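Asks: Below is the structure I would like to discuss, written out as structure tokens.
The values are calculated or read from the model by the stated rules, or taken from the named source; none is laboratory data. Only a predicted model underlies this, so the values are computations on that prediction, with no experimental measurement involved. As a convention, Cβ positions derive from the backbone with ideal geometry for all residues, glycine included, and neighbour counts pool all protein chains shown.
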Amino acid sequence: MAERLVIIGAGMATGRLLDHLVAECPGAFDITLFNAEPRGTYNRLMLSPVLAGELSYDEIITHDAGWYTRHGVICRFGERVARIDPARRVVFGEQGEVPYDKLVIATGSSPFILPLPGHDLPGVIAYRDLEDTEEMIRLAAKPQGRAVIIGGGLLGLEAAAGMAARGTHVTVVHLNDHLMDRQLDGPAAALLQEALEARGIEVICGANSKEIIAGDDGRVRALLLEDGRMLYCDLLVMAVGIRPSIALARECGIETGRGILVDDRMRTTAPGVFALGECVEHDGAVFGLVAPLFDQARVLAQTLRDLPATFVNKDVSTKLKVTGCDLFSAGDFREAEGRECITYSDPQAAIYKRLVIEGGRLVGAVMYGDTDDGGWFFNLIRDGADISAMRDTLIFGPAYQDAPEAPALEVMA
Amino acid sequence: MKAPQSCAIRSTCPYCGVGCGVLLSPDREGGLDVRGDKSHPANFGRLCSKGTALGETVSLDGRLLAPRVHGEETDWDSALDLVARRFSETIAAHGPDSVAFYVSGQLLTEDYYVANKLMKGFIGSANIDTNSRLCMASTVAGHKRAFGTDTVPGTYEDLDEADLIVLTGSNLAWCHPVLYQRILATRKKRPEQKLVVIDPRRTASCDLADLHLPVKPGSDVALFNGLLAEIARRGLIDATFATNVSGLEEAIASARADDLSVTGLSDDTLSEFYDLWCTTEKVVTIFSQGVNQSSSGTDKVNAITNCHLATGRIGRPGLGPFSVTGQPNAMGGREVGGLANMLACHLDIENVDHRKAVGDFWSAPVMPEQAGLKAVDMFRAVGEGRIKALWVLHTNPAVSMPDADKVREAIAGCEFVVVSDITGATDTARLAHVLLPATGWGEKSGTVTNSDRIISRQRIVLPAPGEARPDWWQLAEVGRLMGYGAAFDYESPAEIFREYAALSGIAGGFGKDFDISGLKDLTDAEYDALEPTRWPVSDGKQGGRFFADGRFFTPDGKGRMLPVSWKPPVAKLEPRYPFRLNTGRVRDQWHTMTRTARAPRLNAHLGEPFIEIHPDDAAAKGIGPTALVEITSPHGKAILRAMITDRIAPGEIFAPMHWTGENAPAARIDALVAPVIDPVSGQPESKASVAGIAPFAAAWYGFAISQTPVKANTEYWALAKTHAGYRMELAGREAPEDWVAEARGLFDLPAADVQTMLDPAKGTARIAFHKDGALQAALFVSRQPVAVMRDYLTHLPGQEAPMVLSGKSPADQPDPGPVLCSCFNVGVNTILSAIETRGLMTVEAIGEALQAGTNCGSCRPEIAALIERVQAQEAAE
């Protein structure tokens, strides 16, 4: 008899988990899938192209209604889960309880909303789901529509670029001295800012938000900065980060830290309860990029079948494009004792690269303007290759490694 | 290369004493097409790498184009008035010996004649000495002691006919390449001709030698004394010739008393050499700076002449002692009286009759009765304030004199210094109160004498640029302004030459051998057309060899053998200075590089000053390959790149003498050389100083390329011109905080677009500057010697080079490597690739495929060494 499997959350990690289960053990589980969003899995990474008008929503759906039907997945979309009782092995949905043999918590993460006065006004949104995307798209229809985005990280800039591409006047407000300060340093960020400004996006760095001001209609009307500047807007997007959604797990006594604690097999501290995706914390790490989530899904599919598998958190890379600015980042960029940086800068060509080295190995890479060698750097990070011998030419990429070793000065006679 | 124009002008190469004839055709871009003159007896068309590159040296970059007084440009009248006035005032106040001229083997005979006449005949002092003092004064003294005259007995034809050629103290392959190639050509035709090289170092001249004797520095006297003793032991004394020779017994007795162990040579090696010498009648012993530049240089010369006199092997075809000189007109200077201890035309200052004859001929008001100050003493007198007005013509004593830092200080402290040169950018010219723009080699007319007594014309082929004037004119003008009008009323070099030739007739009248009175009536046209002519040229004699007839120019008419004994070099090794420091030349540079450094291809061979160290010594001192080495002596210090090689013996080090404050201020090697002289000749001991070595504690090393010349503000830098601009090696004890700012300052490019690669943790910084997409300059910095493809990078300035900071050529552009063949610009990697991939295993095959080594041939030993290296590698695999 099939085991009862309940999954809470239908994000991309869940989509991948289901793919594994239906491929590897069809019929092994009776699956019930809860999702707070009124839809199944789509490729959230592709929201930016949707926002920019390059793709339609339909094109980014990975699991449609037909797919769930075909594979016998019971979908409870749009229904929130109120509570879990791990002792009784029951999940309480808004529309009734569901018993399980095994439970997967894949509640993902939620955008962080700055607790500014006015943060709950209509027109203050995050950039997280299709609803947010659609609201941004709607603004483009408004003549002289203005948007303010708080947060000059990757998500905020993608929102900015997408809206700007649709003709909305966008201002990005960023707390730090430079954009994308977690991935870029000053020079790279300056290049990026220049490119964004060339596309009509206004960027204000070092800006402290003070208050969100309402208009006569009760909707958002402006953002007031600490320095007194008033930035008028019809829509305010907060893109200042995400936090693992752990409330459901925590409330039922499952151990959490920043995320839901899992072991190498994706098991939580509650028997029969597993966790997956952006909501988990593994070995101190939480996750925001898709590649490790897919690894987790693969491991969890094995664990659910009581097969051995181990999740190993490996460095990952992202190759990003913000309105034609090529960006690449891979690995870990935190400054730390024993970490060393190699930088390459060519402002005329709008190229910037930074490599982070630790113990003779490449641990992180960021590139702006020329990302062709990204894959090569990513492999070096992934393989933990010793780069000491090629350190002087490393940043110039693979084309400059196989040339014969440059002779040190050879005095000859 | 363009075809030579039919109207090519015949002239003479301005480098070494071989005196090669050249055919010169100006191109339309201010350069020159230079070919060897097939009709010139010194070279028969052959040229070395330096001569071949002469066309690259005549640009007006950095030329001095107007007189300057205290750094300000002025006109000739003002400048010369000041020179004449200051010299006259100084003489009036302090006497004639308070002034001095320091002149050069670069001067033409006519220039020399006027300088000598002004100083000795009219100022009334003999304080005129020439840089030939540093080059072959010991030969002059040795010749005079042995022959009673400073005369090279033989001719270059002797090299063709000899059965044994001995090179002692001469890296002929690099320093007189055309003669060396002449020997190699003979050996090809007559493989039985033997070549022996006596040199502490295994130089390029040894590569094809039958025997190399790695003598201990300064032991030549013992070596040749051993030979003389062996000659005597074998009964090889030429009894007939000995009747024309005095001092035989004493010389042999001295020879027998010497201890051969000081040579450091094994008995077998000594026997092999002695046997070869004793059993070969036709032996030419070529000697040069290794013999001359010694505190016992004159004795060394006589140890050699003793052997030739004892066996009568002198003055006949294919045999004799043969001095080769370092400068184009060192011989002319010797003949015309450019040395402080000579009068003119081989006449003697101390001889009252000679003095009177010359004085009368010149209508000279005063004649000095004693020799003047020789170079080392002259600059000591400058330093002590005894010489208060100094005129330096075409030489760079602030670099080339021993104890050079002290000499530089002395000149800097002199009350009045005049420098005539083609550039103001020399260590010496920068110290001048008055700088006089002189015409350069291609702009001058006159004569030079080479090492085998051939007088050749140097002809004007380029217009004098700016206000540049010939040296004879400058000297004559000052003579006129000092009130000696009639004596210096020259209109042309031809007029000076005729006067000189007439004076030599007086010398001939005293029985002197230097007599060219046969040329005293040349018309201007005949002078212009003068063919290369070996002296003497008189009613009685025409060219030929000397002394085979047993007639010498000593008071008793006999050749003299000298009892000489080995003496160690003056500077003593001590714990602080345990190394014997040798100095010398490299293949493609000449003197203080004021000319050769302008030719990019000549800088490609050895673009940086270096120090040869034996691998054992390097290991003991912790000096790695390509490290920088700090060399200290009791007199000064230098920083040079390590060249670790077993070509040099343990305990000895060698450094080139070319680099100056203009291109490598830390490499002024003569600053370390002791101002020790041969007591007879006054020639400094430039090849046997003592020194200590230690790794230079560089915090960083740099390599730079630039379109424009650069001077750095750091402990070590060496600059070289390239085809695309300049290249530079740098190093310092302390790394600056901000490399980008440092690089901007270094290249003086405040506004250029910058490109950077920085790895601060590893100490790596690479910074490039571009303008309108073209590379202006780039700096590569590392904590270790910088590993980049230098020879590829040096081509990039002025071009689009977006990937310059990689320091490597893209895969589709192979790096040619350091230039080996300067004539055809062929790099080491190109040759290695031809050896490895095309299996070219002979120098000839390489030449056929790549042209390398087919012009001057001076790189042929190095090509052979590369082939050997590959073969050795293959054998090892």
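Asks: Taking the stated definitions as given, is B:R647 under 30 Å from B:H723 (Cα atoms) and not hydroxyl-bearing (S, T, Y)? Give the steps one after another, and end with the answer.
Replies: Working: under 30 Å from B:H723 (Cα atoms): no; not hydroxyl-bearing (S, T, Y): yes.
No; evaluated as a whole, the condition is false for this residue.
Asks: Looking only at residues that are within 31 Å of the chain's Cα centre (by Cα) and more than 10 Å from chain A (Cβ to nearest Cβ) in segment B:790-811, which one is farthest from B:A778 (Cα to Cα)?
Replies: Quick first cut of segment B:790-811, residues within 31 Å of the chain's Cα centre (by Cα) only: B:790-795.
Keeping just the survivors that are more than 10 Å from chain A (Cβ to nearest Cβ) gives B:794-795.
Numbers: B:T794: 10, B:H795: 12 Å.
Ranking the candidates gives B:H795 first.
Asks: Go through B:R386, B:R355 for me and flag whichever is in contact with a Leu (Cβ under 8 Å, 6 or more places away or on another chain) and either in the same structural domain as B:T592 (by TED's automatic domain parsing) or over 16 Å from B:G682 (Cβ atoms) (or both). Quick ask: steps written out before the conclusion?
Replies: On the way: B:R386 fails: in contact with a Leu (Cβ under 8 Å, 6 or more places away or on another chain).
That would be B:R355, the only listed residue that is in contact with a Leu (Cβ under 8 Å, 6 or more places away or on another chain) and either in the same structural domain as B:T592 (by TED's automatic domain parsing) or over 16 Å from B:G682 (Cβ atoms) (or both).
Asks: What residue, among those in segment B:566-600 that are touching a helix residue (DSSP H, G or I) at 6+ places or on another chain (Cβ under 6 Å) and surrounded by fewer than 21 Cβ atoms within 10 Å (Cβ to Cβ), is farthest from the other protein chains (Cβ to nearest Cβ)?
Replies: Looking at residues that are touching a helix residue (DSSP H, G or I) at 6+ places or on another chain (Cβ under 6 Å) and surrounded by fewer than 21 Cβ atoms within 10 Å (Cβ to Cβ), I get B:R598.
Asks: I would also like to ask the following. Report every pair of residues separated by at least 6 positions or lying on different chains whose Cβ atoms are under 6 Å apart, first residue within segment A:219-238 and within 20 Å of A:G167 (Cβ to Cβ), second of a type in the set (F, W, Y).
Replies: Once the first residue is within 20 Å of A:G167 (Cβ to Cβ) and sits in segment A:219-238, its partners that are of a type in the set (F, W, Y) give A:V237/A:Y127.
Asks: Please go through (1) under 29 Å from B:M728 (Cβ atoms); (2) within 14 Å of another protein chain (Cβ to nearest Cβ) for B:E836 and return the number of the only condition it doesn't satisfy.
Replies: Unmet condition: (1).
Asks: Also: If I ask for residues that are among the small types (G, A, S) and either more than 29 Å from B:N43 (Cβ to Cβ) or modelled with pLDDT under 95 (or both), which ones from segment B:295-343 would you list?
Replies: Just the residues of segment B:295-343 that are among the small types (G, A, S), to begin with: B:295-297, B:303, B:310, B:312, B:315, B:318, B:320, B:323, B:326, B:330, B:332-333, B:337-338, B:340.
Answer for segment B:295-343, where residues must be among the small types (G, A, S) and either more than 29 Å from B:N43 (Cβ to Cβ) or modelled with pLDDT under 95 (or both): B:S295, B:S296, B:A303, B:A310, B:G312, B:G326, B:A330, B:G332, B:G333, B:G337, B:G338, B:A340.
Asks: For segment A:184-196, state whether one or more residues are of a type in the set (S, T, N, Q) and either in contact with a helix residue (DSSP H, G or I) (Cβ under 8 Å, 6 or more places away or on another chain) or under 30 Å from A:S56 (Cα atoms) (or both). So that I can check it myself, show each step before the final result.
Replies: Looking only at segment A:184-196, we keep the residues that are of a type in the set (S, T, N, Q), and these are A:193.
Filter once more, so that each one left must be either in contact with a helix residue (DSSP H, G or I) (Cβ under 8 Å, 6 or more places away or on another chain) or under 30 Å from A:S56 (Cα atoms) (or both): A:193.
Yes: segment A:184-196 contains one or more residues that are of a type in the set (S, T, N, Q) and either in contact with a helix residue (DSSP H, G or I) (Cβ under 8 Å, 6 or more places away or on another chain) or under 30 Å from A:S56 (Cα atoms) (or both).
Asks: If you scan segment B:740-759, which residues turn out to be among the charged types (D, E, K, R) and either under 18 Å from B:E800 (Cβ atoms) or within 9 Å of another protein chain (Cβ to nearest Cβ) (or both)? Step through it out loud before you land on a result.
Replies: Applying the first criterion (among the charged types (D, E, K, R)) to segment B:740-759 yields B:742, B:744, B:748, B:753, B:759.
Answer for segment B:740-759, where residues must be among the charged types (D, E, K, R) and either under 18 Å from B:E800 (Cβ atoms) or within 9 Å of another protein chain (Cβ to nearest Cβ) (or both): B:D753, B:D759.
Asks: So, one more: All but one of (1) outside any strand (DSSP E or B); (2) more than 23 Å from the chain's Cα centre (by Cα); (3) farther than 30 Å from B:G31 by Cβ hold for B:P402; which doesn't?
Replies: (2)
Asks: Here's another thing I want to ask about it. Restricting to segment B:640-652, name every residue that is under 27 Å from B:C135 (Cβ atoms) and within 14 Å of chain A (Cβ to nearest Cβ). Can you show your working first?
Replies: Of the residues in segment B:640-652, the ones under 27 Å from B:C135 (Cβ atoms) are B:640-641, B:643, B:645, B:647-649, B:651-652.
Listed by number, the residues that qualify are B:L640, B:R641, B:M643, B:T645, B:R647, B:I648.
Quick grid of which residues meet (1) touching a residue at least 12 places away in the same chain (Cβ under 8 Å); (2) assigned to a loop (DSSP other than H, G, I, E, B); (3) farther than 12 Å from A:L130 by Cβ; (4) not hydrophobic (A, V, I, L, M, F, W, C):
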site	(1), (2), (3), (4)
A:I7	yes, no, yes, no
A:G15	yes, no, yes, yes
A:L45	yes, no, yes, no
A:V50	yes, no, no, no
A:Y68	yes, no, yes, yes
A:C75	yes, no, yes, no
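Asks: Counting only residues that are assigned to a loop (DSSP other than H, G, I, E, B) and not aromatic (F, W, Y), how many does segment B:814-828 have?
Replies: Looking only at segment B:814-828, we keep the residues that are assigned to a loop (DSSP other than H, G, I, E, B), and these are B:814-818, B:822-825.
Filter once more, keeping what is not aromatic (F, W, Y): B:814-818, B:822-823, B:825.
Total satisfying the criteria: 8.
Asks: Can you tell me which residue in segment B:589-608 is nearest to B:A664 (Cα to Cα), limited to those that are among the hydroxyl-bearing types (S, T, Y) and out of contact with any Leu (no Cβ under 8 Å at 6 or more places or on another chain)?
Replies: Taking segment B:589-608 as the starting set, the residues that turn out to be among the hydroxyl-bearing types (S, T, Y) are B:592, B:594, B:596.
From what's left, out of contact with any Leu (no Cβ under 8 Å at 6 or more places or on another chain): B:592, B:594.
Details: B:T592: 11, B:T594: 13 Å.
Result: B:T592.
Asks: Follow-up. Among the numbered criteria (1) over 18 Å from B:V461 (Cα atoms); (2) surrounded by 24 or more Cβ atoms within 10 Å (Cβ to Cβ), which one does B:E72 miss?
Replies: (2)
Asks: Next question. Within the bounds of segment B:431-442, is there any residue that is under 18 Å from B:K120 (Cα atoms), in a loop (DSSP other than H, G, I, E, B), in contact with a strand residue (DSSP E or B) (Cβ under 8 Å, 6 or more places away or on another chain) and not β-branched (V, I, T)?
Replies: At the first step, the residues of segment B:431-442 found to be under 18 Å from B:K120 (Cα atoms) are none.
No, because not a single residue in segment B:431-442 is under 18 Å from B:K120 (Cα atoms), in a loop (DSSP other than H, G, I, E, B), in contact with a strand residue (DSSP E or B) (Cβ under 8 Å, 6 or more places away or on another chain) and not β-branched (V, I, T).
Asks: Restricting the search to segment B:88-124, which residues are part of a loop (DSSP other than H, G, I, E, B) and either buried (at least 24 other Cβ atoms within 10 Å of the Cβ) or among the acidic types (D, E) (or both)? Quick ask: steps written out before the conclusion?
Replies: Of the residues in segment B:88-124, the ones part of a loop (DSSP other than H, G, I, E, B) are B:95, B:104-108, B:124.
Within segment B:88-124, B:S104, B:G105, B:Q106, B:L107, B:L108 qualify.
Asks: Sticking with this one: State the number of residues belonging to segment B:22-69 that are acidic (D, E) and surrounded by 21 or more Cβ atoms within 10 Å (Cβ to Cβ).
Replies: Going residue by residue through segment B:22-69, those that are acidic (D, E) are B:27, B:29, B:33, B:37, B:56, B:61.
Those left that are additionally surrounded by 21 or more Cβ atoms within 10 Å (Cβ to Cβ): B:37.
Number of matching residues: 1.
Asks: Let me ask something else. Cβ-Cβ under 6 Å, sequence separation 6+ or interchain: first residue in segment B:814-828 and more than 12 Å from B:A53 (Cβ to Cβ), partner at pLDDT below 80 and in a loop (DSSP other than H, G, I, E, B). Which pairs?
Replies: B:P818/A:M412; B:G827/B:P816; B:G827/B:G817; B:V828/B:G817; B:V828/B:P818
Asks: Mind telling me which of the residues B:A787, B:A761, B:A768 ends up being without any contact (Cβ under 8 Å) to a residue 60 or more places away in the chain, surrounded by fewer than 16 Cβ atoms within 10 Å (Cβ to Cβ) and in the same structural domain as B:Q707 (by TED's automatic domain parsing)? I'd like the intermediate steps shown before the answer.
Replies: Values: B:A787 fails: surrounded by fewer than 16 Cβ atoms within 10 Å (Cβ to Cβ); B:A768 fails: surrounded by fewer than 16 Cβ atoms within 10 Å (Cβ to Cβ).
The unique qualifying residue is B:A761.
Asks: Can you tell me which residue within segment A:74-104, out of those that are hydrophobic (A, V, I, L, M, F, W, C) and in contact with an Asp or Glu (Cβ under 9 Å, 6 or more places away or on another chain), is nearest to A:A28 (Cα to Cα)? Explain how you work it out, then say what you get.
Replies: Filtering segment A:74-104 for residues hydrophobic (A, V, I, L, M, F, W, C) gives A:74-75, A:77, A:81-82, A:84, A:87, A:90-92, A:98, A:103-104.
After this cut, where a residue has to be in contact with an Asp or Glu (Cβ under 9 Å, 6 or more places away or on another chain) as well, the list is A:74, A:77, A:81-82, A:84, A:90-92.
Details: A:I74: 14, A:F77: 22, A:V81: 24, A:A82: 27, A:I84: 23, A:V90: 19, A:V91: 20, A:F92: 23 Å.
Per the stated criteria, the residue is A:I74.
Asks: A follow-up question, please. Kindly list, by first and then second residue, each pair from a residue in segment B:603-616 that is closer than 19 Å to B:R580 by Cβ to a residue that is of a type in the set (S, T, N, Q) and in a loop (DSSP other than H, G, I, E, B), limited to pairs with Cβ atoms under 9 Å and residues at least 6 apart or on different chains.
Replies: Going by the 9 Å Cβ cut-off, the qualifying pairs are B:P609/B:N663; B:E612/B:T645; B:I613/B:T645; B:H614/B:T645; B:P615/B:T645.
Asks: Kindly indicate whether B:N829 is among the polar types (S, T, N, Q) and within 11 Å of chain A (Cβ to nearest Cβ).
Replies: Numbers: among the polar types (S, T, N, Q): yes; within 11 Å of chain A (Cβ to nearest Cβ): yes.
Against the criterion (among the polar types (S, T, N, Q) and within 11 Å of chain A (Cβ to nearest Cβ)), B:N829 qualifies.
Asks: Among (1) buried (at least 18 other Cβ atoms within 10 Å of the Cβ); (2) away from chain A (no Cβ under 14 Å); (3) within 27 Å of B:K687 (Cα to Cα), where does B:R201 come up short?
Replies: Tallying (1) buried (at least 18 other Cβ atoms within 10 Å of the Cβ); (2) away from chain A (no Cβ under 14 Å); (3) within 27 Å of B:K687 (Cα to Cα), B:R201 fails exactly one: (2).
Asks: Could I ask something else about it? Starting from segment B:829-842, take each residue that is not in a helix (DSSP H, G or I) and list its partners that are not β-branched (V, I, T), counting only C-beta distances under 9 angstrom and pairs at least six apart or across chains.
Replies: So the pair list comes out as B:G839/B:A845; B:L840/B:A834; B:L840/B:E848; B:L840/B:A849; B:L840/B:L850; B:M841/B:Q871; B:T842/B:A864.
Asks: Same structure, new question: If you go through segment A:22-39 one residue at a time, how many are out of contact with any strand residue (DSSP E or B) (no Cβ under 6 Å at 6 or more places or on another chain) and buried (at least 22 other Cβ atoms within 10 Å of the Cβ)?
Replies: 0
Asks: OK, next. I need the full set of residues from segment A:248-265 which are touching a residue at least 60 places away in the same chain (Cβ under 8 Å) and over 10 Å from A:I105 (Cα atoms), in order please.
Replies: Keep residues of segment A:248-265 that are touching a residue at least 60 places away in the same chain (Cβ under 8 Å), which gives A:248-249, A:251-254, A:260.
Residues satisfying the conditions are A:E251, A:C252, A:G253, A:I254.
Asks: Filter segment A:260-288 down to the residues that are touching a Gly at 6+ places or on another chain (Cβ under 6 Å) and surrounded by fewer than 23 Cβ atoms within 10 Å (Cβ to Cβ), then identify the one that is farthest from A:I246 (Cα to Cα).
Replies: Initial filter on segment A:260-288 (touching a Gly at 6+ places or on another chain (Cβ under 6 Å)): A:277-281, A:286.
Now drop any that are not surrounded by fewer than 23 Cβ atoms within 10 Å (Cβ to Cβ), which leaves A:281, A:286.
Numbers: A:E281: 10, A:V286: 12 Å.
Ranking the qualifying residues of segment A:260-288, first place goes to A:V286.
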